[in-house]
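Novice: Got a structure here, written out as structure tokens. Questions coming.
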Amino acid sequence: MAHQQATRAELARFSRLKGGFMSGKRLLYLGNGRQLQSVAKLDERFEGWGLSVDRYWAYGSAFPDSLEGYDGIFLSGSPHGAYEDIDWIHREHELIRDAAQKDIPMLGVCFGHQILASALCGKEQVFRRDFCEIGYKDLPLAAAAAQDALTQDWGTAVRMFVWHNDEVRGDHPDMVVLAWSDICPNHVWRHRQHRAWGVQGHPEVTRTQAPAWFEQNRERMVKDGGDVDAFIAAADPQIEAGTILTRFAELVKRG
């Protein structure tokens, strides 16, 4: 626990040092993975887009005492399921509901997408698939995506790497489904009342980062039926998919 606290203090100090070009808006970055920072280094990229980022390793049971002063929240992926009976997952459910009541915008990727749905639409919304969906896919878009604050740049389809065994149902009345695949009816969604968005895929992984990310996860991806060598050879820049991240940063900065 002391190591986690030191890491957070070091990262917070790094954020302050970079504060010269920050917008003054604060983003809470919840790391739900085995490590606080992933290969994508999305926390640092949010700083590059003008946000002051506070990192908390939720997977290690680290959470802020209060949401006061936060202008946005990002929820990362995780090897866990949103339905698991684990203390930090319960705490994250509570934090999400608190943030929604405070009208703090939220964006979740992979597990983040799932726990947002579980917290705001009910735990029965997330379930385990019979088999894994994995690979680069062109995801068709709903008409609503063209008017959405985060997906308006995507046109009629968006290419994205997807990898998931858990899935979010697409039929809840509080959900606006924005994108899907041939075998998954809900890849991107937003909440009808709250400023919350979920993305099942991984728009955060760039072409430069992809080989290292694929190698890091090779064993699990192969077990899930993926051809890692083919993924590396076909690594996509995901420029269009990545605009959901920059659009979210812009929304947080606007307040």
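The values are calculated or read from the model by the stated rules, or taken from the named source; none is laboratory data. Please read all numbers here as calculations on a predicted model, not as lab measurements. All Cβ positions, even for glycine, are placed from backbone atoms using ideal geometry, and neighbour counts span all protein chains on display. Accessible surface is based on the protein model in full, side chains and every heavy atom, while ligands, DNA and RNA are left aside. Shrake-Rupley method; radii C 1.70, N 1.55, O 1.52, S 1.80 Å.
Novice: Can you pull out every residue in the stretch 195-211 that is open to solvent by 50 Å² or more (accessible area, probe 1.4 Å) and either within 22 Å of residue 145 (Cα to Cα) or at pLDDT below 95 (or both)? Break it down stepwise before answering.
Specialist: Taking the stretch 195-211 first, the residues open to solvent by 50 Å² or more (accessible area, probe 1.4 Å) are 195, 207-208.
Within the stretch 195-211, just 195 meets the criteria.
Novice: Give the number of residues within the stretch 38-57 that are open to solvent by 40 Å² or more (accessible area, probe 1.4 Å) and modelled with pLDDT of 95 or more.
Specialist: Within the stretch 38-57, residues that are open to solvent by 40 Å² or more (accessible area, probe 1.4 Å) and modelled with pLDDT of 95 or more number 7.
Novice: Answer yes or no as to whether residue 24 is modelled with pLDDT under 95, open to solvent by 10 Å² or more (accessible area, probe 1.4 Å) and assigned to a helix (DSSP H, G or I).
Specialist: no
Novice: Quick one: is residue 167 modelled with pLDDT of 95 or more, closer than 19 Å to residue 130 by Cα and among the acidic types (Asp, Glu)?
Specialist: Here the answer is yes, as residue 167 does meet what is asked.
Novice: OK, next. Looking only at the stretch 143-162, count every residue that is open to solvent by less than 10 Å² (accessible area, probe 1.4 Å) and in a helix (DSSP H, G or I) and tell me the total.
Specialist: So the count comes out to 1.
Novice: Give the residue that is nearest to residue 202 (Cα to Cα), with candidates limited to residues of the stretch 231-245 that are of a type in the set (A, V, I, L, M), open to solvent by 20 Å² or more (accessible area, probe 1.4 Å) and part of a helix (DSSP H, G or I).
Specialist: 239
Novice: Does the stretch 201-211 contain at least one residue that is over 19 Å from the mean Cα position of the chain (by Cα) and in a helix (DSSP H, G or I)?
Specialist: Yes, because at least one residue in the stretch 201-211 is over 19 Å from the mean Cα position of the chain (by Cα) and in a helix (DSSP H, G or I).
Novice: Right, residue 43: in a loop (DSSP other than H, G, I, E, B), acidic (Asp, Glu) and touching a Lys or Arg at 6+ places or on another chain (Cβ under 7 Å) or not? Let's see the steps before the verdict.
Specialist: Values: in a loop (DSSP other than H, G, I, E, B): no; acidic (Asp, Glu): yes; touching a Lys or Arg at 6+ places or on another chain (Cβ under 7 Å): yes.
No, not satisfied.
Novice: Name the residues in the stretch 212-230 that are surrounded by fewer than 17 Cβ atoms within 10 Å (Cβ to Cβ), in a helix (DSSP H, G or I) and of a type outside the set (A, V, I, L, M), would you?
Specialist: 215, 216, 218, 219, 220, 223, 229
Novice: Also, I was wondering about something else. Please count how many residues of the stretch 161-186 are within 14 Å of residue 120 (Cβ to Cβ) and not β-branched (Val, Ile, Thr).
Specialist: The number of residues fulfilling the criteria is 6.
Novice: Now a separate question. Here's a check for you: in the stretch 176-193, which residue that is crowded, with 21+ Cβ neighbours inside 10 Å and of a type outside the set (Val, Ile, Thr) is farthest from residue 245 (Cα to Cα)?
Specialist: Per the criteria, the residue is 186.
Novice: Moving on. Please determine whether any residue of the stretch 118-126 is touching a residue at least 60 places away in the same chain (Cβ under 8 Å), over 20 Å from residue 213 (Cα atoms), open to solvent by 20 Å² or more (accessible area, probe 1.4 Å) and part of a helix (DSSP H, G or I).
Specialist: So far as the stretch 118-126 goes, yes, one or more of its residues are touching a residue at least 60 places away in the same chain (Cβ under 8 Å), over 20 Å from residue 213 (Cα atoms), open to solvent by 20 Å² or more (accessible area, probe 1.4 Å) and part of a helix (DSSP H, G or I).
Novice: Also, I was wondering about something else. For residue 67, work out the one condition from (1) modelled with pLDDT of 95 or more; (2) aliphatic (A, V, I, L, M); (3) crowded, with 17+ Cβ neighbours inside 10 Å it doesn't fulfil.
Specialist: Among (1) modelled with pLDDT of 95 or more; (2) aliphatic (A, V, I, L, M); (3) crowded, with 17+ Cβ neighbours inside 10 Å, the lone unmet condition for residue 67 is (3).
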